[in-house]
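Have a look at the structure below, then the notes.
The values are calculated or read from the model by the stated rules, or taken from the named source; none is laboratory data. These numbers come from a predicted model, not from an experiment. So basically every Cβ, Gly included, is an ideal-geometry build from the backbone, and we count neighbours across all protein chains shown. Quick note on the areas: whole protein, heavy atoms, side chains included, nothing else; ligands and nucleic acids left out. Shrake-Rupley method; radii C 1.70, N 1.55, O 1.52, S 1.80 Å.
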Amino acid sequence: MSAPRGDGTREAGGDGPAGALRIAAAVRAGERSARSVVEEALSAVASGDSDLHAFVTVTADAALAAADEVDRAVAEGRDPGPLAGVPVALKDNLCTRGVPTTCASRILEGWRPPYDATVVDRLAAAGAVAVGKTNMDEFAMGSSTENSCFGPTRNPHDRTRVPGGSSGGSAAAVAAGFVPLALGSDTGGSIRQPAALCGVVGMKPTYGLVSRYGLVAFASSLDQIGPFATSVADAAHLLGVIAGHDRADSTSLPDPDPRPDFAASVGRGVEGRRVGLCLELVEGCAPDVVARVRRAAEDLEAAGAEVSEISVPEFRLGLSAYYLIAPAEASSNLARYDGVRYGLRVDGPDVAAMNTATRTAGFGPEVKRRIMLGTYALSAGYYDAYYGKAQRVRTLMVEAFARAYRQVDVLLGATAPSTAFPIGERVDDPLAMYMSDVCTIPSNLAGHPAISVPYGAGDDGLPVGVQVLAPALGEELLFSVAAALEAAAPAGGGPGAAAPVGSGGPEGAGR
Amino acid sequence: MSGTEWETVVGLEVHCELKTATKLFCGCANSFGDEPNTNVCPVCLGLPGSLPVLNEGAVERAMRIGAALHCEVHPSVFHRKNYFYPDMPKDYQISQYDEPINVGGWLDLPDGFRVGIVRAHLEEDTGKTSHLGGDGRIHGADYSLVDYNRAGVPLVEIVSEPDIRSAAQARAYASELRAVLVAVDASDGRMEEGSLRVDANVSVRPAGSDTFGTRCEIKNLNSLRSLGRAIEHEAARQVALLESGEAVVQQTRHWDEAAARTVPLRSKEEAFDYRYFPEPDLVPLAPDAGWQAAVAGSLGLLPAQRRARLLALLDGAGDGEVSAAQADQVSAVVDQGLDDLVVAAVSGGAPARLALARAANEVAADVEAGRRLPVADFTKLVSMEGDGKLSASQSKEVLGELLGAGGGDPEAIAGQRGFEAMSADSVVAIVNEVVAAHPDEWGRFAGGDQKLMGFFVGAIRERAGSSFDGKAVSAELRRRLQEA
């Protein structure tokens, strides 16, 4: 794999020379060694990431050892797995045995998990090679990857701009061509929104499809791990590897029989599919974004889908419900960072003072804000008015989706209201930052799958993502529609369109 | 208010550690007394990214407790109870809140008094903190150490109605509940190891009042003795306050066993806001009817039923009223799990009172050995004693050997020890021989020299060896004297 090209041509993802499927096929056939693939990825990171800062930890030695193991399997005629030799990046909230897992927070300073997340195990079993851990908003709280104790990640398309977040490091690593695949986590849009802003495919699976064991919790009832890729086909393959029941996660869904073949759904087309262009999912979005979504609807119609406009007014309630439920769960999930057992400890005269000093020093401002919001929302006398009411909204949301899916098979909308915004623009305006997730939150509240597909560029030349939403366990449907969109997508903004490393990129004209 | 008669009102919360092989939400061993922090894993240490998986065995034991207490099993939900404490790895406890697994029910005390049960819910235990330096309390300690072996051990908290009216009744409740928990195999019942921990809600009111007084919750009651003393002292403290015109303040208080008093821990205003909310990492628990029926059907006999069964055997034996001492023996034998042995012995033909006495005294002295003792051996021994083949002291000695050896043939052991009763013929024969061998002594004896009784008995004992039966020999000697 080479460093990202600056020729503006769109690389054909899974079928292109750097696509995950092509790499795995070559490695499995013995045409390329996993070691050479991984060495190229590591050298691309080494030469390009000081500028982007997509990675917070690079595990070069372990990656090369894993690559050699894949090569050994090939040489000995053993099955090296469906993702043999494919380099992957892991968001730094996925536990990796012996490798620092920080959630981009000072409070986890020095902590090395004694175990691997289930998805990390499954990737390794499939022959994929983890090359490092990616930057993120602290504890996945944010939409720009600026809330990181390591400093921000930059957007490969324009280094003055954010990559989105919270999985901005994973999105940037794929967009920059460092790796063909990455994992992120999506609680309110943290995979799809950075995928849109970085011009890659990003997908949030149905809640319970992918085990959360080893994902450091932000909001347990909303968190879901999902893939980043340069193509829909690659994303589907990666999901196929990480999905499936896990005894270690009680909220993990049982495996259907037969198990779905996500990759096979990619080529199914959209003939006769009912697509609802959802008005609430373009409402308030920048005109160039809206224009791309409308173009996407036309393209799907041209490909044989039945497109109609649909309104789901309940989606407008999503943001406020989300900002009660997610902080409430977070306030509890983050209580354990108390300085007693691991991570940062700032000593004090007694345990309570030590807890306070540790948490004061260890958490950044956005995390503290959400812990306070959540603690308040759960406190005696306010529970019903806030948390209870938000849960009722969540029920309404599920019912609203159900009504919509009686009329259409999938919903179409924007992923994010705008293209990538300048670094620093929204750091002092939390509400403006929260609005970045307005189109993605409904799927999290309902536990449904959704995907962001690059759809050309906005007026500023930066990537625009179009979002497809499907009912629970509608992944095959989702991938088939996403693949049709991918095939029709206009040039620009997509994978491979990132500016050459070190060039500085366009200066955000037109915003 | 002086001169008012006061009534004590008590409700108890009993925390019972379940006797499962593993913890409530992970596969770590549930084992007391191991090296600190050896039975731990990412889940029970609350490491980032770890998730709980509910232990089916713990649910089953909780349902057994519910069935024994006549509760209804309800679909239930786990909640998080949020507060900061260093021995709680996640800084929240997974517990059940407004939708517990067991709802309603009762426990009948041995005297027939019925105490209502509000609920019996599942939750996880915390770790254990040791404060070092200072006076061993958290304040003033130099440093603290935490052992997380206990963190995540399954607990069932059993909450009674405020039906209890005295310290003695509270002790009887706790004692009977303990017996039930052991009987249904939910708990090992070891209060001294913390397997059972009791909090008491105590209030007082003028006798005859139908409203409750302000209550205080007393913690740190580690024995039945502490429970009784703490309730007595707390009730007296509250009465003294009220009689001097002061009010009782709702508080959580700590029982100081050494000082024999309760001291305030925190007031209602300082009470934690636990911010309960449904645990999103677990799914609702709804045992189906089949499982519930299987659990209820596997309960076996409860202590009250076991006591009734033994009393019926004593009654049916037709040898008189059951004495108070025998009723105590019945309770003791049931508490120690030796009642099955007695019942089996009686059905094998052994006399009931004798079987009960041997079980309550000799077997109870070594309960573990008693559980290994083959029923047939015990039955045979008690029957031999009942038939007069062994004296009481001989029977106890043989039983001691049976317990030590894990069983054996009582007849053979009695034989080895020379406990075989002499047959009537052999007594006559030996007496004849001895009399014939000592004609002068016999003459003096027959002439009234009672001192020679000892001489003849000694000579006969020497000849008879191990089968000597003093009672039978002296009877034969007296018979011959009369003939002479």
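At a glance:
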{"quantity": "Check on A:S332, more than 14 Å from chain B (Cβ to nearest Cβ) and small (G, A, S)", "calculated": "no"}
{"quantity": "Residues of the range A:221-236 classified as part of a loop (DSSP other than H, G, I, E, B) and touching a strand residue (DSSP E or B) at 6+ places or on another chain (Cβ under 8 Å), total", "calculated": "4"}
{"quantity": "Among (1) more than 37 Å from the chain's Cα centre (by Cα); (2) assigned to a helix (DSSP H, G or I) - the single one B:I413 does not satisfy", "calculated": "(1)"}
{"quantity": "Restricting the range A:129-138 to residues that are not hydroxyl-bearing (S, T, Y) and not in a loop (DSSP other than H, G, I, E, B), the residue that is farthest from A:V174 (Cα to Cα)", "calculated": "A:E138"}
{"quantity": "Residue among B:E257, B:E232 that alone is surrounded by 14 or more Cβ atoms within 10 Å (Cβ to Cβ), within 27 Å of B:V156 (Cα to Cα), in contact (Cβ under 8 Å) with a residue 60 or more places away in the chain and in the same structural domain as B:A67 (by TED's automatic domain parsing)", "calculated": "B:E232"}
{"quantity": "Single unsatisfied condition, A:S220 versus (1) over 22 Å from A:E425 (Cβ atoms); (2) surrounded by fewer than 24 Cβ atoms within 10 Å (Cβ to Cβ); (3) away from every other protein chain (no Cβ under 14 Å)", "calculated": "(3)"}
{"quantity": "Hits in the range A:270-285 - residues which are open to solvent by less than 30 Å² (accessible area, probe 1.4 Å) and in a loop (DSSP other than H, G, I, E, B)", "calculated": "A:V270, A:V282, A:C285"}
{"quantity": "The listed residue being facing chain B (nearest Cβ under 9 Å), assigned to a helix (DSSP H, G or I), at pLDDT below 95 and surrounded by fewer than 18 Cβ atoms within 10 Å (Cβ to Cβ), out of A:A380, A:A352", "calculated": "A:A352"}
{"quantity": "Residue, nearest to the other protein chains (Cβ to nearest Cβ), within the range B:280-303, restricted to residues that are open to solvent by less than 50 Å² (accessible area, probe 1.4 Å) and touching a strand residue (DSSP E or B) at 6+ places or on another chain (Cβ under 7 Å)", "calculated": "B:L282"}
{"quantity": "Of residues in the range A:129-150 being of a type outside the set (A, V, I, L, M) and within 30 Å of A:G30 (Cα to Cα), the one farthest from the other protein chains (Cβ to nearest Cβ)", "calculated": "A:G132"}
{"quantity": "B:T262 vs. criteria farther than 23 Å from B:E123 by Cα and part of a strand (DSSP E or B)", "calculated": "yes"}
{"quantity": "Among (1) away from chain B (no Cβ under 14 Å); (2) in contact (Cβ under 8 Å) with a residue 12 or more places away in the chain; (3) farther than 17 Å from A:S167 by Cα - the single one A:D61 does not satisfy", "calculated": "(2)"}
{"quantity": "Selected residue [part of a helix (DSSP H, G or I) and either open to solvent by less than 30 Å² (accessible area, probe 1.4 Å) or assigned by TED's automatic domain parsing to the domain that holds A:R122 (or both)] from A:R292, A:R259", "calculated": "A:R292"}
{"quantity": "Residue within the range B:179-187 that is open to solvent by 50 Å² or more (accessible area, probe 1.4 Å) and in the same structural domain as B:A271 (by TED's automatic domain parsing) present", "calculated": "yes"}
{"quantity": "Residue satisfying condition, being buried (at least 20 other Cβ atoms within 10 Å of the Cβ), touching a Pro at 6+ places or on another chain (Cβ under 8 Å) and away from every other protein chain (no Cβ under 13 Å), within set A:G318, A:G374", "calculated": "A:G318"}
{"quantity": "Residues of the range A:242-256 classified as of a type in the set (D, E) and either more than 12 Å from every other protein chain (Cβ to nearest Cβ) or open to solvent by 70 Å² or more (accessible area, probe 1.4 Å) (or both), total", "calculated": "1"}
{"quantity": "Pick from the range B:255-279, criterion within 19 Å of B:Y83 (Cα to Cα) and not charged (D, E, K, R), ranking: nearest to the other protein chains (Cβ to nearest Cβ)", "calculated": "B:F277"}
{"quantity": "Residues located in the range A:438-477, provided they are open to solvent by 10 Å² or more (accessible area, probe 1.4 Å) and assigned to a helix (DSSP H, G or I)", "calculated": "A:A446, A:E476, A:L477"}
{"quantity": "Single condition B:P42 does not satisfy, out of (1) within 14 Å of chain A (Cβ to nearest Cβ); (2) open to solvent by less than 50 Å² (accessible area, probe 1.4 Å); (3) without any contact (Cβ under 8 Å) to a residue 40 or more places away in the chain; (4) closer than 25 Å to B:V184 by Cα", "calculated": "(4)"}
{"quantity": "Residue count for the range A:80-128, restricted to those that are within 11 Å of another protein chain (Cβ to nearest Cβ), of a type in the set (A, V, I, L, M) and assigned to a helix (DSSP H, G or I)", "calculated": "4"}
{"quantity": "Selection status of B:P48, touching a residue at least 24 places away in the same chain (Cβ under 8 Å), within 10 Å of chain A (Cβ to nearest Cβ) and not hydrophobic (A, V, I, L, M, F, W, C)", "calculated": "no"}
{"quantity": "Condition met for A:S190 (touching a residue at least 12 places away in the same chain (Cβ under 8 Å), touching a Leu at 6+ places or on another chain (Cβ under 8 Å), in the same structural domain as A:E476 (by TED's automatic domain parsing) and within 17 Å of A:A326 (Cα to Cα))", "calculated": "no"}
{"quantity": "Output for the range B:78-97, where each listed residue is open to solvent by 30 Å² or more (accessible area, probe 1.4 Å) and over 22 Å from B:L196 (Cα atoms)", "calculated": "B:Y83, B:F84"}
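Rundown of residues vs (1) hydrophobic (A, V, I, L, M, F, W, C); (2) away from chain A (no Cβ under 14 Å); (3) under 30 Å from B:R165 (Cα atoms); (4) touching a helix residue (DSSP H, G or I) at 6+ places or on another chain (Cβ under 7 Å), yes/no style:
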| residue | (1), (2), (3), (4) |
| --- | --- |
| B:R61 | no, yes, yes, no |
| B:G66 | no, yes, yes, no |
| B:P75 | no, yes, no, no |
| B:K90 | no, no, no, yes |
| B:S95 | no, no, yes, no |
| B:V103 | yes, yes, yes, no |
| B:V118 | yes, yes, yes, no |
| B:D125 | no, yes, yes, no |
| B:K128 | no, no, no, no |
